[in-house]
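The values are calculated or read from the model by the stated rules, or taken from the named source; none is laboratory data. Worth saying up front: this structure is predicted, and the values here are computed from it rather than measured. Virtual Cβ from ideal backbone geometry, glycine too; neighbours counted across all protein chains shown.
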Amino acid sequence: MSDQHISHLVAIVGAANVLLGDDTQSYVTDYRGVFRGEALAVVRPGCTDEVSAVMAYCHENRIPVVPQGGNTSLLGGSVPDASGQAVVLALARLNSIRHVDTLNATMVVEAGVTLNAARTTAEEAGTLFPLRIGSEGSCQIGGNLATNAGGTAVLRYGNMRDLVLGLEVVLADGKVWNGLRALRKDNAGYDLKHLFIGSEGTLGIITAAVLKLFPRPRAVCVALLGVDTLDAALQTFGLLRKRLGTDMTAFELISEDAMALVLSHLGRQTSPLPTSHLWHVLVELSSTANQEDADAIFVAALSDAAEKGLITDAAIAANETQAADFWLIREEISDAQTRARGSVRCDVSVPLSSIPAFIRETSDKVLTAAPGTRMVVYGHVGDGNVHFNPLRPADMTPEAYLDQYGDNISRIVDQAAMALQGSISAEHGVGTAKRDELLYVRSQVELEIGWRVKRALDPLNLLNRGKVLPELPSAA
Ligand SMILES: Cc1cc2nc3c(=O)[nH]c(=O)nc-3n(C[C@H](O)[C@H](O)[C@H](O)COP(=O)(O)OP(=O)(O)OC[C@H]3O[C@@H](n4cnc5c(N)ncnc54)[C@H](O)[C@@H]3O)c2cc1C
């Protein structure tokens, strides 16, 4: 039977684009090597019509489908389960930029275009596509949309949901919805694109999108700050927001342990600051003013923070190379953790004003439960988003740490976030890793609405089965 399926799939996309056996390995294992499954085949369509034909065939033959972009997501959403029954639908070959319209400030790109390529295209057209995340060389626009990706510029430009005007989607039965409208005002009925954004491949296959473009800043200023306390970090945020307004594009917090880990990963002895600090902040201003004026505003704002005793140290990037180097430190923390092995990854959000209490109290609880833990805490604090990722003590194996403490630490962190009216998943989504937790953090009504939408769009439950939506105790 499976040979017959393979022949049909080959007839649609060509033999070179149906991978089997060992050739599927990099598609059935996630970026960190934590989630692993098996696939009937990996199918790599090259255009929307081929996606449609594959979906129609899978629908007719009840074959589950797992859409996959760059496979950089962290919660198991992009890889199949162990049954070996699913087709992994890899979208990388849908990699055309269909259209750039600088006056309308939009571009139409296919789902498999990497974030990096989309940003470069925008730049070459003299504009900006502002989504910025550490995985931008590998992750794809389709994956960014399916996860509603966030990143380091949300403060100014919003999440992926805020950066898109229209979508093209192939439905579970192969029908194509062309919603590629490049309009900033369009209230003619339901705004269906929002159903698919953030749905992690459970409702449809995104094949193309109309993305918003923005004016390219003429000046960018970046500084790394040393801060003694979390309260001072948050007060600094308040002060800079008042002084810099929406020109403040990033405000990233980095704990002492996170800084030590990433510096060692990068093979460096010291941070750009002369002394070590309990907390660091990476702050960025982007402005359409000229560089000289922007520098003056930036320096004045930071001086104000220093005079008020909020920041104790600051290194201001002298040029683009140094700014890129400061950003490298921030962006490599995730990979530093992957390499160190043995961290519990919690991507939570709480209201901004609760961040100091959240980090302090949760750190105390984690250290009591798992003594010697390194508190790798960092994130997009300007958005209330904390990557709270406790790391094993240096003298404990990753396996022992995760076995002994992993579940308990996740519970401590998630419960603390929920107690402060926060979220257990700020930007990484749900996948399989967080799926069952939704039973505790979402109401029955909300979960039932989710299942009704799922059944309407994917009645045979073929699209990314077992991801995002937990089974409900009673029939919804
Ligand atoms: C070093 C590093 C740094 C990161 N930093 C951030 C960060 O700052 N902010 C952030 O939000 N995330 C971050 N991530 C997580 C990840 O990069 C994002 O979730 C990203 O958006 C996933 O894109 P992808 O193309 O790799 O999608 P995948 O991992 O391939 O897929 C993600 C989900 O989307 C579905 N999917 C993929 N493509 C499609 C499609 N075309 N149609 C329908 N469904 C689809 C998949 O089935 C899966 O459920 C980081 C990851 C790494 C490794």
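Scanning region 324-335 for any residue that is under 17 Å from Leu74 (Cα atoms), in contact with a helix residue (DSSP H, G or I) (Cβ under 6 Å, 6 or more places away or on another chain) and of a type in the set (Asp, Glu) turns up at least one such residue. Within region 360-395, being touching a residue at least 40 places away in the same chain (Cβ under 8 Å) and either at positive phi or of a type in the set (Phe, Trp, Tyr) (or both) holds for Tyr378, Gly379, Gly384, Phe388.
Quick check on my filter: what residues within region 96-121 are touching a residue at least 24 places away in the same chain (Cβ under 8 Å) and of a type in the set (S, T, N, Q)? Within region 96-121, Thr102, Asn104, Thr106, Thr114, Thr121 meet the criteria. Note on region 2-91: enclosed helices (runs of 4 or more DSSP H) holding 3 or more residues that are over 23 Å from the mean Cα position of the chain (by Cα) and in contact (Cβ under 8 Å) with a residue 40 or more places away in the chain are 2-13, 48-60.
If I ask for residues that are part of a helix (DSSP H, G or I) and crowded, with 20+ Cβ neighbours inside 10 Å, which ones from region 103-146 would you list?
Residues of region 103-146 part of a helix (DSSP H, G or I): 115-124, 141-146.
Within region 103-146, Leu115, Ala118, Ala122, Ile141, Gly142, Gly143, Asn144, Leu145, Ala146 meet the criteria.
Report yes if some residue within region 133-145 is within 12 Å of the ligand (Cβ to nearest atom) and more than 20 Å from the chain's Cα centre (by Cα); otherwise report no.
Checking region 133-145: not a single residue is within 12 Å of the ligand (Cβ to nearest atom) and more than 20 Å from the chain's Cα centre (by Cα).
Does Arg435 count as surrounded by fewer than 18 Cβ atoms within 10 Å (Cβ to Cβ) and farther than 22 Å from Gly158 by Cα? The answer is no for Arg435.
I'd like to know if region 170-193 contains one or more residues that are surrounded by 24 or more Cβ atoms within 10 Å (Cβ to Cβ) and either in a helix (DSSP H, G or I) or in contact (Cβ under 8 Å) with a residue 60 or more places away in the chain (or both). Yes, some residue in region 170-193 is surrounded by 24 or more Cβ atoms within 10 Å (Cβ to Cβ) and either in a helix (DSSP H, G or I) or in contact (Cβ under 8 Å) with a residue 60 or more places away in the chain (or both).
Taken over region 270-300, the criterion of being in a strand (DSSP E or B) and under 15 Å from Asp231 (Cβ atoms) is satisfied by Trp279, Val281. Within region 52-70, the residues that satisfy the criterion of being near the ligand (Cβ under 9 Å from one of its atoms) and under 19 Å from Val109 (Cβ atoms) are Pro67, Gln68, Gly69, Gly70. In this entry, Val366 is excluded by the filter for residues that are in contact with a Leu (Cβ under 7 Å, 6 or more places away or on another chain) and crowded, with 21+ Cβ neighbours inside 10 Å. Taking each residue of region 329-344 that is of a type in the set (Ser, Thr, Tyr) and looking for partners that are in a helix (DSSP H, G or I) and more than 8 Å from the ligand (Cβ to nearest atom) with beta-carbon atoms closer than 9 Å, six or more apart or interchain, yields Ser343/Gln337; Ser343/Pro398; Ser343/Tyr401; Ser343/Leu402. The condition of being away from the ligand (no atom under 15 Å from the Cβ) and touching a helix residue (DSSP H, G or I) at 6+ places or on another chain (Cβ under 8 Å) does not hold for Leu457. Scanning region 337-365 for residues that are under 17 Å from Gly267 (Cβ atoms) and within 17 Å of the chain's Cα centre (by Cα) returns Gln337, Thr338.
Residue check: Leu463 meets all listed conditions (1) away from the ligand (no atom under 16 Å from the Cβ); (2) at pLDDT 95 or above; (3) of a type in the set (A, V, I, L, M, F, W, C) but one, namely (1).
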